[in-house]
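Asks: Dropping a structure here in structure tokens format, bear with me for questions.
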Amino acid sequence: MNPKHCTTSKISSLRVSVNFEIHEQLINWIQDFLSDRTQTVKYHDITSNSESVRSGIPQGTVIGPVSFLSYINDLPDEVISRIFLFADDTKFFREIMSPADVQLVQSDLNILDSWSKKWHLLFHPQKMCVHVDWLITVRSNVKVYND
């Protein structure tokens, strides 16, 4: 899928999945807004040549956050593990109790990778980390007596 069509495609799928009444005219307007854009860079008195913008949303627009939410809205539904979303941060969580849980984590990571490639919204490996909390359960036959 062409990156500049991702936003309107995601909005269309959001409209169907949650029964939003998003009129086709609005989707067409968004498509027009995102199409055939160019950008230049100005540094002091020097201006670069104009270049085509193939993807992305112009910063500072009202439609930017709504567009981003339409991108990530279905992300938690794609995997079995829990996902927490806040702004542009994604936290992926699964308690590992058995080897099967390890396989589920890998499967979910593969699904997230495919999802990100499909929608041209890649995760940044430099910002990714793994956090492990260890919970050790000690069982004993300790009796507590009150005097």
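Asks: Which one of SER98, VAL53, VAL41 has its Cα pushed farthest toward the positive end of the charge dipole of segment 30-103, where Lys and Arg give +1 and Asp and Glu give -1 at the Cβ?
Replies: Result: VAL41.
Asks: Please report the net charge: other residues with Cβ closer than 15 Å to the Cβ of SER114, K and R +1, D and E -1. Don't skip to the end; give the middle numbers.
Replies: On the way: positive: LYS117, LYS118; negative: ASP74, ASP77, GLU78, ASP108, ASP113.
After counting each charged neighbour, the total is -3.
Asks: For segment 64-81, just list the computed ³J(HN,Hα) in residue order, Karplus coefficients 6.51, -1.76 and 1.60, θ = phi - 60°, integers in Hz, with x standing in for Gly and Pro.
Replies: Once rounded to whole Hz, the list reads x, x, 5, 4, 4, 4, 5, 5, 8, 3, 8, 4, x, 7, 7, 10, 7, 5.
Asks: Around LEU85, under 14 Å between beta carbons, what's the net of Lys plus Arg minus Asp minus Glu among the other residues? Before the final figure, lay out the partial values.
Replies: Numbers: positive: ARG82, LYS91; negative: ASP74, ASP77, GLU78, ASP88, ASP89.
Charge balance near LEU85 sits at -3.
Asks: Cross-link candidates for LYS127: which aspartates and glutamates have Cα within less than 16 Å, leaving aside residues fewer than 8 places away along the same chain?
Replies: Counting by Cα, and skipping residues close in sequence, LYS127 has these aspartates and glutamates nearby: ASP88, ASP89, ASP113.
Asks: Might you work out the accessible area of LYS118 for me, using a 1.4 Å probe with all protein chains in place, and round it to the nearest 10 Å²?
Replies: For LYS118, the solvent-accessible surface is approximately 120 Å².
The values are calculated or read from the model by the stated rules, or taken from the named source; none is laboratory data. Just so you know, these numbers come straight off a predicted model, no measurement behind them. Every residue, glycine as well, gets a Cβ built from its backbone with ideal geometry; the counts of neighbours run over all protein chains shown. The area values use the complete protein model at the heavy-atom level, side chains included, leaving out ligands, DNA and RNA. Shrake-Rupley method; radii C 1.70, N 1.55, O 1.52, S 1.80 Å.
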